[in-house]
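These notes concern the structure reproduced below.
The values are calculated or read from the model by the stated rules, or taken from the named source; none is laboratory data. In this text, all values refer to a predicted model and were calculated from it rather than measured experimentally. All Cβ positions, glycine included, derive from the backbone under ideal geometry; neighbour counts span all protein chains shown.
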Amino acid sequence: MSEVQAETLTVADFARTFRRIQAEIHKMIIGHEQAVEELLSALFAGGHVLIEGVPGTGKTTLVKTLGLALNLSFNRIQFTVDLMPADITGTRVILSGEDGRREFTFQPGPAFCHILLGDEINRATPKTQSALLEAMAELQVTVSGTTYRLKPPYFVMATLNPIEMEGTYPLPEAQLDRFLFKVRLNYPDEGELTRIISSTTGPDEAGIEPVFHAAEAPERVEALKKLVRQVIAAPAMEIYAARLVRATQPQNSRFVTDEAKAVHDEMVNRYVMFGSSPRGAQALILGAKVRALLDGRANIAREDIDQVAVSALAHRIMLNYAALSDGIDATHIVERVIKSVRAAKV
Amino acid sequence: MSFLSQDQRVDEKLGQILGQVGSVRLRLNSLAIQHAVLYTLAIVIACGASIFAGAYLVSPLIFLAGGAALIVVGCAGVVSAVRAGWQMRASAMRAAAIADDRAELKGRLSTVVALAPGDNHSPLWSYLIEDTLGRRDEFAAAKIERRRISRAVYPLAGALVLAAAAFPISKIKHAPQVALNEDQEDLTVDLDDLHLRPADPGDDSGMQVTADPATMRRLQDKLARENPAGDEAAGNSLNQLVNRARDMAGNLQSKLTGQQANSNRRLNLRLADAGDNRDQNEIRRAPDAQKNRHREIAGQFKQDLEKSNEIDLPPEDDSRQPNSQPSTGGTGEAGVESDAGQENPAKDQSATDRSIQQSGENSSNGGEAHGIGADPDSLFGAPAPSKLGNEGFEISIEARPVDHGAKGAGRAYVPPKVRTPLSVDQEPDEPVARAAVPADDRSTIKRVFER
């Protein structure tokens with residue numbers, strides 16, 4: 001059914017649907033236009049999103065609103081230190097049947113949904129955090145030797161609280177790499193804050209109207225995701241994405257090969273410990289495809305790649321102590337890399 | 001009525017897009033070729049005009065250095081222009097990328113051109129073709145590149161203006177020299193006005209120098225004084241190189257300016273010696289062994305003349321030395337005699353010889369050849385070897401021949417001849433008649449000489 005819908009869907013349909021979802025979300029979320037767009041881009045690109053923001057900036061509300069707008073099943077897990085993997089994936093419990101027999105039955109955890117919010121994921125132990133890895137990458141959960149498939153679409157949004165770092169467990173690089181984008185929620189400006197106050201403290205709550213019917217929502221979302229994959233990427237664009245990713249890798253890294261063809265930036269060599277993985281290039285192209293569809297095109301351009309570069313690459317770059325001492329952010333590195341690769345014109 | 005399939009329609013539209021990209025490519029390549037050709041022409045014309053103008057305006061060495069620099073710069077410019085033109089050439093892919101940038105098509109054309117040869121197209125391929133073809137007006141060749149003529153035409157125009165300005169310079173600089181060189185081949189200059197420098201072996205400046213032997217000796221002495229290290233300098237490879245470079249540049253300038261025939265005319269340079277006392281005294285004081293030897297020989301010869309009381313001086317080569325009279329030391333008589341000698345050389349020669357014999361060596365300011373009237377070098381044995389060996393020397397003259405003025409026709413200034421009458425106490429010199437020694441005195445004389 002989804003294949004039929006993908007063929008009949010047009011570029012204009014995608015853009016129209018995207019804008020409708022965006023509009024529904026903004027009924028509840030004031031501001032954060034770019035964050036919402038990146039969130040939806042990651043959803044339709046088939047990835048997961050790591051949301052970083054200070055408390056009270058609407059992270060949970062954003063994810064919850066997205067679920068409502070898409071009319072998809074939604075679960076929320078508050079990550080704490082004592083949270084166990086089984087609390088996420090589910091576990092086998094002894095249940096009594098109608099005939100009185102007792103047997104182990106798998107009880108699905110909160111991971112079994114379409115949209116999963118992992119709130120403050122860095123407060124759980126690495127063991128629990130890694131419980132999400134299989135679900136995010138393989139769309140399946142293995143419990144006691146039995147693998148359970150997750151129903152598509154499956155979209156994980158994890159939030160990170162950049163303050164109160166005591167008692168937290170920074171996400172391992174492998175798990176960070178599995179998030180397509182990292183979205184940053186900044187403080188709202190004065191106008192946005194005023195609108196937040198008036199809309200959330202009044203008697204009326206904003207009602208979210210689902211864009212899809214509940215029965216067809218998963219298929220519609222899958223059809224849109226399939227359309228994104230059909231967007232054409234010229235070889236030159238793939239080369240450009242590859243060069244961007246290679247340019248984030250420091251020249252003196254022992255993992256870098258064929259360095260003669262890479263664009264090297266002094267800032268990268270000085271501040272970066274490890275550059276982006278190949279998943280970064282995939283994220284660039286997929287994100288660019290969504291941007292191209294939103295622009296009414298069936299092909300991606302460099303501008304599309306540049307627009308998603310920070311979201312796709314920043315969290316994949318490991319900085320060294322020199323960067324920390326100099327106050328250099330990964331965002332600066334990515335922006336510098338874009339300029340270097342553009343200037344190189346290889 | 002024929003119905004085309006979806007794929008055929010897409011291919012047809014793809015053909016239209018590629019055709020339009022082809023026209024863009026054609027225009028870009030045309031501009032690239034124009035760039036290379038026009039810039040090359042501009043550089044060649046500008047350098048040629050500059051060299052042509054330099055041939056008239058600057059001295060040979062500056063012309064040589066400037067011309068070489070211009071040629072080097074021009075060659076580099078031509079290479080650069082051709083290289084730039086080569087880099088400007090556009091493949092279909094590059095033409096599509098340029099059209100994408102200029103028409104803000106966001107990679108549509110590049111994607112179409114890049115993926116056109118393939119068969120396995122995305123389901124959105126037809127959408128891309130339709131979308132791109134719908135913007136065909138935006139990437140028309142005239143919109144992507146408005147110019148049909150490269151901007152390199154402006155440098156070419158500038159070079160042509162430069163070339164046009166160079167020709168009037170040649171006209172202005174050419175006319176006076178033609179007038180000056182037309183009618184004068186003989187030139188007489190004073191030795192004191194000469195600035196001497198060593199010349200290269202085998203150097204032929206088109207000038208023949210003639211003078212009497214005394215003047216030639218003075219010339220030699222002057223050369224030795226003004227250029228003490230003349231022999232070394234003549235052998236100096238750097239000087240030779242500079243002189244050759246100057247000559248080469250001069251020849252090149254002559255060829256460029258068309259003045260080669262005039263400059264090759266031989267100029268007969270006749271040296272005159274004003275012979276002031278200062279120079280004579282300097283010559284006497286000059287520590288030149290060869291000169292002293294000539295003096296001794298001349299003195300001995302004069303004593304022999306007194307003893308023999310004979311006048312038998314060898315004739316001089318008047319054909320090569322029209323002003324062959326010796327200097328009389330500041331009186332300017334040599335010049336007068338020279339004028340007379342030109343009219344009747346044989347007569348003047350004998351008269352001069354007599355005059356020398358009569359007034360002769362009693363005069364104290366006569367110079368080393370005074371009273372002799374001939375070159376001791378040619379009178380007493382073989383000529384002494386030249387100080388300059390086989391290399392010779394070159395005379396650089398600042399003066400230019402002119403066809404106007406009171407002293408034209410190649411005559412140096414000659415002061416009027418003045419004869420001072422003898423006082424009452426003076427008697428003219430007369431030769432003493434030869435007489436036989438008396439027999440009584442012969443033993444006495446013989447004893448004195450034996451002692």
Worksheet item: Of the numbered conditions (1) more than 14 Å from chain B (Cβ to nearest Cβ); (2) over 27 Å from residue A:18 (Cα atoms); (3) out of contact with any Ser or Thr (no Cβ under 7 Å at 6 or more places or on another chain), residue A:342 satisfies every one except a single condition; which is it?
Response: (1)
Item to complete: Working only within region B:118-137, note down all residues that are within 11 Å of another protein chain (Cβ to nearest Cβ), assigned to a helix (DSSP H, G or I) and out of contact with any strand residue (DSSP E or B) (no Cβ under 6 Å at 6 or more places or on another chain).
Response: B:125, B:126, B:127, B:129, B:130, B:131, B:132
Fill in: Answer residue from region A:293-325, given it is within 14 Å of chain B (Cβ to nearest Cβ), outside any loop (DSSP other than H, G, I, E, B) and of a type in the set (D, E, K, R) and is nearest to residue A:275 (Cα to Cα) among those
A:306
Discussion item. Looking at region A:41-59 only, could you name the residues that are part of a helix (DSSP H, G or I) and without any contact (Cβ under 8 Å) to a residue 60 or more places away in the chain?
Written reply: none
Item to complete: Filter region A:188-239 down to residues that are of a type in the set (S, T, N, Q) and part of a helix (DSSP H, G or I) and give me whichever is modelled with the highest pLDDT.
Response: A:230
Item to complete: With respect to residue B:244, determine if the residue is among the charged types (D, E, K, R) and modelled with pLDDT of 75 or more.
Response: yes
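Okay, residues lined up against (1) within 14 Å of another protein chain (Cβ to nearest Cβ); (2) touching a strand residue (DSSP E or B) at 6+ places or on another chain (Cβ under 9 Å):
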{"position": "A:176", "(1), (2)": "no, yes"}
{"position": "A:181", "(1), (2)": "no, yes"}
{"position": "A:194", "(1), (2)": "no, no"}
{"position": "A:201", "(1), (2)": "no, no"}
{"position": "A:216", "(1), (2)": "no, no"}
{"position": "A:219", "(1), (2)": "no, no"}
{"position": "A:231", "(1), (2)": "yes, yes"}
Item to complete: Scan region A:124-145 for residues that are more than 16 Å from residue A:86 (Cα to Cα) and part of a helix (DSSP H, G or I) and jot them down.
Response: A:137, A:138
Fill in: The lone exception for residue A:96 - which of (1) away from chain B (no Cβ under 14 Å); (2) touching a residue at least 12 places away in the same chain (Cβ under 8 Å) it fails
(2)
Fill in: Close pairs (7 angstrom Cβ cut-off, 6 or more residues apart or separate chains): facing chain A (nearest Cβ under 9 Å) in region B:94-117, of a type in the set (Lys, Arg) and crowded, with 24+ Cβ neighbours inside 10 Å anywhere
B:100/B:108; B:106/A:297; B:108/A:297
Discussion item. Can you confirm whether residue A:50 is at pLDDT below 90 and not hydroxyl-bearing (Ser, Thr, Tyr)?
Written reply: no
Response to the item:
Checked region A:146-174 for anything in a loop (DSSP other than H, G, I, E, B) and modelled with pLDDT of 85 or more; matches are A:150, A:151, A:152, A:153, A:154
Worksheet entry | Whichever residue in region B:128-184 is within 24 Å of the chain's Cα centre (by Cα) and β-branched (Val, Ile, Thr) and, among such residues, is modelled with the lowest pLDDT | B:178
Worksheet item: What residue, of B:74, B:19, B:67, B:54, is of a type outside the set (S, T, N, Q) and surrounded by fewer than 17 Cβ atoms within 10 Å (Cβ to Cβ)?
Response: B:19
Fill in: Residue selected from region B:108-157 under the condition within 19 Å of residue B:6 (Cα to Cα) and among the charged types (D, E, K, R), by the criterion surrounded by the fewest Cβ atoms within 10 Å (Cβ to Cβ)
B:119
Item to complete: Just name the residue that is surrounded by the fewest Cβ atoms within 10 Å (Cβ to Cβ) out of those in region B:77-107 that are part of a helix (DSSP H, G or I) and in contact with a Leu (Cβ under 6 Å, 6 or more places away or on another chain).
Response: B:100
Worksheet item: Of the residues A:7, A:37, which is at pLDDT 90 or above and acidic (Asp, Glu)?
Response: A:37
